[in-house]
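The block underneath contains the structure these notes are about, expressed in structure tokens.
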Amino acid sequence: MSPSTPEAPAKKQINVPVMADLAARNESPEILFWVGCAGAFDDRYKRVTRAFVRILDHVGTKYAVLGLEESCTGDPAKRAGNEFLFQMQAMQNITTMNGYGIKKIVTACPHCFNTIKNEYPALGGDYEVIHHSTYLQQLINEGKVGVSGGESFKGRRITFHDSCYLGRANDIYEAPREVLAALDADLVEMKRSRANGLCCGAGGAQMWKEPEPGKKDINIERTEEALATLAGKADALANLGGVETETAAPGAHDLQGSIIAVGCPFCMTMMSDGVKNKEQESKVQVFDLAELVASAEGINA
Amino acid sequence: MPSILRPQTFPPYLYRMLQSILFLLLLVAAFGLFAWQVRKIRANILVGRDRDMSGHAAERLRKTLLVAFGQQKMFKRMTPALLHLVVYVGFLVINIEVIEIVIDGLFGNIFGFHRSLSFLGPVYDVLMATNEILAALVIVAVAAFWWRRNSNPPVRRFTGVELRMWPKLDANIILYIEVALMLALFFMNTADLKLHQLEGKDLPGTFPVSNLLVGLLPSSTGALEIMERAGWWIHITGIFLFLNYLPSSKHFHIIMAFPNVWYSRLVPQGQFSNVESITNEVKAMMDPSFVVPPAPTAPDGSALAPTPFGAKDVEDLPWTNLLNAYSCTECGRCTSVCPANLTGKLLSPRKIIMDTRDRMEEKYESPLIFRPNQYGPEAKHELVTDLLEATLLRGKVTPEELWACTTCNACVESCPVNINPLESIIEMRRFLVLEESAAPNSLNVMFSNIENNGAPWAFSPSDRFNWADDLFAAEKPAKITVA
């Protein structure tokens with residue numbers, strides 16, 4: 001780092017390798033990056049996709065994406081009860097991937113991850129599927145990503161919001177936390193975390209509909225918990241429903257610079273909306289794990 | 001001094017024989033009635049759809065030992081876990097004494113012995129002492145349970161539309177019976193102890209609690225004999241009555257928890273079942289050469305009525321979900337962690353499970369007591385009341401409840417006996433969508449987006465790869481790793 005140099009660091013363009021091109025050259029990738037619909041279309045999550053591709057490119061992994069050949073895994077249809085549409089989508093994707101002889105898949109979406117990993121095998125799609133939190137953890141453990149040279153997160157308060165389809169659905173709790181631990185930040189745990197984590201409110205196809213009438217929206221309940229945790233407000237935490245047990249956070253902290261970390265596009269939307277609703281967006285930011293790692297590694301351009 | 005129970009004109013052996021015969025009749029009646037009720041419940045569970053849960057015995061055994069026998073999932077919440085542990089261990093240990101009571105009742109009277117396990121010597125001392133201490137702790141724990149349910153306000157999970165009337169009464173009846181049984185035990189032991197003390201004899205066993213209570217009883221051997229016999233008969237009759245109360249009660253979980261955990265799913269919680277008939281249809285659509293397997297036929301070879309997609313009524317659910325309903329002790333851990341319920345929506349996973357049990361007993365067999373939940377106006381439910389249409393779906397569970405679910409698995413994770421309310425919710429959603437096309441409109445829009453654009457949003461599929469345009473990264477050499 002040389003603070004005296006005013007010009008921007010050298011940057012390079014990444015041409016994302018597409019599976020069809022690789023197949024035409026008779027090549028096969030080490031890993032298929034399944035982008036997912038949110039990663040491809042949602043403006044906020046596209047930044048996560050791009051950050052993750054920077055990491056893939058940076059470590060020199062031989063990867064590819066399906067590009068225009070990717071289609072919805074069918075997860076929202078299945079959770080909403082439309083089994084027919086789910087299986088149509090699944091068969092189509094399985095045909096595509098089996099045609100390319102795909103063996104290993106990484107994805108930044110826990111819903112795509114869960115569906116491909118658990119529900120595709122019965123329909124003929126057997127792959128090794130890993131979530132990007134696990135993949136990032138491996139890169140860090142192997143030393144391929146040093147999480148240094150970029151933005152420093154030292155001393156910043158970060159709380160990780162467990163995604164249901166990563167956590168309870170597939171028992172992945174530690175990988176995202178180990179990734180965050182590498183940032184050398186102040187990690188604080190919400191009272192409802194890991195297996196007791198509270199849903200952001202988007203799962204089960206809720207993302208695409210208005211919530212049923214109630215007292216408040218689920219993402220507000222969860223955001224309040226995240227903000228109270230980051231701020232260290234014990235009284236706010238004590239009043240949270242559902243948990244009967246003790247534990248209170250220590251003294252109050254300024255929220256400035258705090259981060260809610262997520263590993264799921266729908267949690268991202270819900271928590272960001274919640275932070276805006278609470279008018280804290282100037283202080284608290286919501287980031288995906290891949291974005292944090294790319295920032296810390298200094299590979300954004 | 002002649003006892004009232006043994007008048008001189010009545011030969012003692014005849015009196016003892018009479019007690020044995022009476023006991024035998026009671027025993028046969030109690031177990032007969034229980035078996036009759038269990039058969040009905042078994043029949044109810046078997047109306048559910050077939051699902052192969054065989055195999056994986058070692059894994060199932062391990063799970064049953066940990067979750068059911070070892071109460072692993074209870075320990076997520078320490079206070080209720082410890083209170084429940086006292087009652088659970090009390091139940092297990094005191095049942096050893098029930099074995100003694102049965103032996104005494106059948107043969108002791110005839111052959112003139114009493115406390116048939118006393119030959120165990122020091123072990124018997126420990127057993128009786130443990131029993132008494134546990135029985136005292138059970139009374140304390142039950143008092144705490146009662147307070148948690150009946151104080152104002154009660155613990156949140158003991159409230160809700162599904163926990164009024166019979167379910168609320170049922171929960172308290174169980175607590176009252178448990179206290180009555182423990183008091184009968186103390187009554188019997190204390191009277192026996194004092195009787196022996198007065199006669200200058202040594203009673204086998206150690207009775208730390210009854211020792212403290214002897215002063216409360218009169219010093220007449222006649223009265224004490226009646227008290228000892230009364231305590232004995234109340235204790236064992238109470239147990240037999242309780243046994244036959246179980247099938248009508250949430251307390252049936254003390255038995256059903258074990259098979260329920262044994263038959264619980266071994267796959268990741270995020271994995272939902274695939275509908276095989278749909279798989280066949282989809283395969284046939286995508287590959288014309290695919291041969292759809294023939295539909296199952298009735299034993300006489302005639303075609304069976306086609307089964308609907310998803311579940312409208314209890315017989316459309318897999319049998320394991322019906323077993324779930326009989327294992328539920330209505331503790332409400334599921335509902336208390338449900339994000340929809342926490343934020344004031346109608347959905348309560350516990351209610352879905354309780355409704356399933358009510359509906360089975362309404363439509364099929366019912367045990368001795370059957371008081372289905374009647375949701376009053378405060379339930380805010382618009383339920384179908386026309387009897388022909390009053391199926392599980394719409395007759396008890398409304399679409400509004402089902403659509404509030406985020407499929408987050410918190411209810412499944414929280415259940416101490418591995419009940420899966422989520423599966424029932426999804427089965428009913430399937431019926432709504434696939435049989436009735438009754439999804440909320442916004443979800444129908446999402447479905448058509450997936451069909452037309454391959455994404456749940458209304459984006460053009462040709463824009464799917466636009467995210468990769470103008471993608472730049474800072475130049476940084478890849479880290480060289482030293483192996």
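The values are calculated or read from the model by the stated rules, or taken from the named source; none is laboratory data. Since this is a predicted model, take the numbers as computed values, not measurements. Every residue, glycine among them, receives a Cβ derived from its backbone with ideal geometry; neighbour counts consider all protein chains shown. Protein only, heavy atoms only, side chains kept; ligands, DNA and RNA dropped before computing areas. Shrake-Rupley method; radii C 1.70, N 1.55, O 1.52, S 1.80 Å.
Below are the figures for this structure:
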{"item": "Criterion violated by residue B:282 - all others in (1) without any contact (Cβ under 8 Å) to a residue 12 or more places away in the chain; (2) surrounded by fewer than 22 Cβ atoms within 10 Å (Cβ to Cβ) satisfied", "result": "(2)"}
{"item": "Among residues of segment A:74-102, those that are over 22 Å from the mean Cα position of the chain (by Cα), charged (D, E, K, R) and more than 7 Å from every other protein chain (Cβ to nearest Cβ), counted", "result": "0"}
{"item": "Residue within segment B:267-276 that is among the acidic types (Asp, Glu) and at pLDDT 85 or above present", "result": "yes"}
{"item": "Identity of the residue in segment A:151-175, of a type in the set (Lys, Arg) and free of Cβ contacts under 8 Å to residues at least 60 places away in the same chain, that ends up most open to solvent (accessible area, probe 1.4 Å)", "result": "A:154"}
{"item": "Qualifying position, being within 30 Å of residue B:355 (Cα to Cα), among the acidic types (Asp, Glu) and surrounded by 17 or more Cβ atoms within 10 Å (Cβ to Cβ), among B:170, B:104", "result": "B:170"}
{"item": "Subset of segment A:52-68 [at the interface with chain B (Cβ under 8 Å from one of its Cβ atoms) and open to solvent by less than 20 Å² (accessible area, probe 1.4 Å)]", "result": "A:53, A:58, A:65, A:67"}
{"item": "Total residues in segment A:120-140, condition farther than 19 Å from residue A:163 by Cβ and β-branched (Val, Ile, Thr)", "result": "1"}
{"item": "Whichever residue in segment A:275-301 is away from chain B (no Cβ under 14 Å) and out of contact with any strand residue (DSSP E or B) (no Cβ under 8 Å at 6 or more places or on another chain) and, among such residues, is least open to solvent (accessible area, probe 1.4 Å)", "result": "A:280"}
{"item": "Qualifying residues in segment B:398-416 (those that are β-branched (Val, Ile, Thr) and within 23 Å of the chain's Cα centre (by Cα)) - the one nearest to residue B:430 (Cα to Cα)", "result": "B:407"}
{"item": "Lone unmet requirement of (1) open to solvent by 10 Å² or more (accessible area, probe 1.4 Å); (2) within 9 Å of another protein chain (Cβ to nearest Cβ); (3) under 30 Å from residue B:349 (Cα atoms) for residue B:432", "result": "(1)"}
{"item": "Matching residues in segment A:42-63 - criterion: being outside any helix (DSSP H, G or I) and in contact with an Asp or Glu (Cβ under 8 Å, 6 or more places away or on another chain)", "result": "A:61, A:62, A:63"}
{"item": "Residues located in segment A:281-301, provided they are more than 22 Å from residue A:179 (Cα to Cα) and either in contact with a Leu (Cβ under 6 Å, 6 or more places away or on another chain) or in contact (Cβ under 8 Å) with a residue 60 or more places away in the chain (or both)", "result": "A:283"}
{"item": "Test: residue in segment B:376-388 that is open to solvent by less than 20 Å² (accessible area, probe 1.4 Å), at pLDDT below 95 and within 12 Å of chain A (Cβ to nearest Cβ)", "result": "no"}
{"item": "Matching residues in segment A:28-42 - criterion: being facing chain B (nearest Cβ under 9 Å) and of a type in the set (Asp, Glu)", "result": "A:42"}
{"item": "Among residues of segment B:285-312, those that are within 12 Å of chain A (Cβ to nearest Cβ) and either among the small types (Gly, Ala, Ser) or open to solvent by 80 Å² or more (accessible area, probe 1.4 Å) (or both), counted", "result": "4"}
{"item": "Qualifying helices (runs of 4 or more DSSP H) (wholly inside segment B:393-468; at least 2 residues being of a type in the set (Gly, Ala, Ser))", "result": "B:410-414, B:441-453"}
{"item": "Meets criteria (out of contact with any Phe, Trp or Tyr (no Cβ under 9 Å at 6 or more places or on another chain) and polar (S, T, N, Q)) for residue B:277", "result": "no"}
{"item": "Subset of segment A:260-274 (residues that are buried (at least 23 other Cβ atoms within 10 Å of the Cβ) and either of a type in the set (Ser, Thr, Tyr) or more than 11 Å from the chain's Cα centre (by Cα) (or both))", "result": "A:260, A:270, A:271, A:274"}
{"item": "Filter pass, residue B:404 being in contact with a helix residue (DSSP H, G or I) (Cβ under 6 Å, 6 or more places away or on another chain), at pLDDT 90 or above and open to solvent by 20 Å² or more (accessible area, probe 1.4 Å)", "result": "no"}
{"item": "Test: residue A:84 is crowded, with 24+ Cβ neighbours inside 10 Å and not basic (Lys, Arg)", "result": "no"}
{"item": "All positions within segment B:202-225 that are touching a residue at least 24 places away in the same chain (Cβ under 8 Å), part of a loop (DSSP other than H, G, I, E, B) and more than 23 Å from residue B:96 (Cα to Cα)", "result": "B:217, B:219"}
{"item": "Out of A:212, A:189, A:221, A:178, sole residue that is surrounded by fewer than 22 Cβ atoms within 10 Å (Cβ to Cβ) and facing chain B (nearest Cβ under 7 Å)", "result": "A:212"}
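Results for (1) of a type in the set (Ser, Thr, Tyr); (2) open to solvent by 20 Å² or more (accessible area, probe 1.4 Å); (3) touching a residue at least 40 places away in the same chain (Cβ under 8 Å); (4) not assigned by TED's automatic domain parsing to the domain that holds residue B:347, shown as yes or no for each residue.
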| position | (1), (2), (3), (4) |
| --- | --- |
| B:426 | no, no, yes, no |
| B:437 | yes, yes, no, no |
| B:444 | no, yes, no, no |
| B:448 | yes, yes, no, no |
| B:453 | no, yes, no, no |
| B:464 | no, no, no, yes |
| B:467 | no, no, no, yes |
| B:470 | no, yes, no, yes |
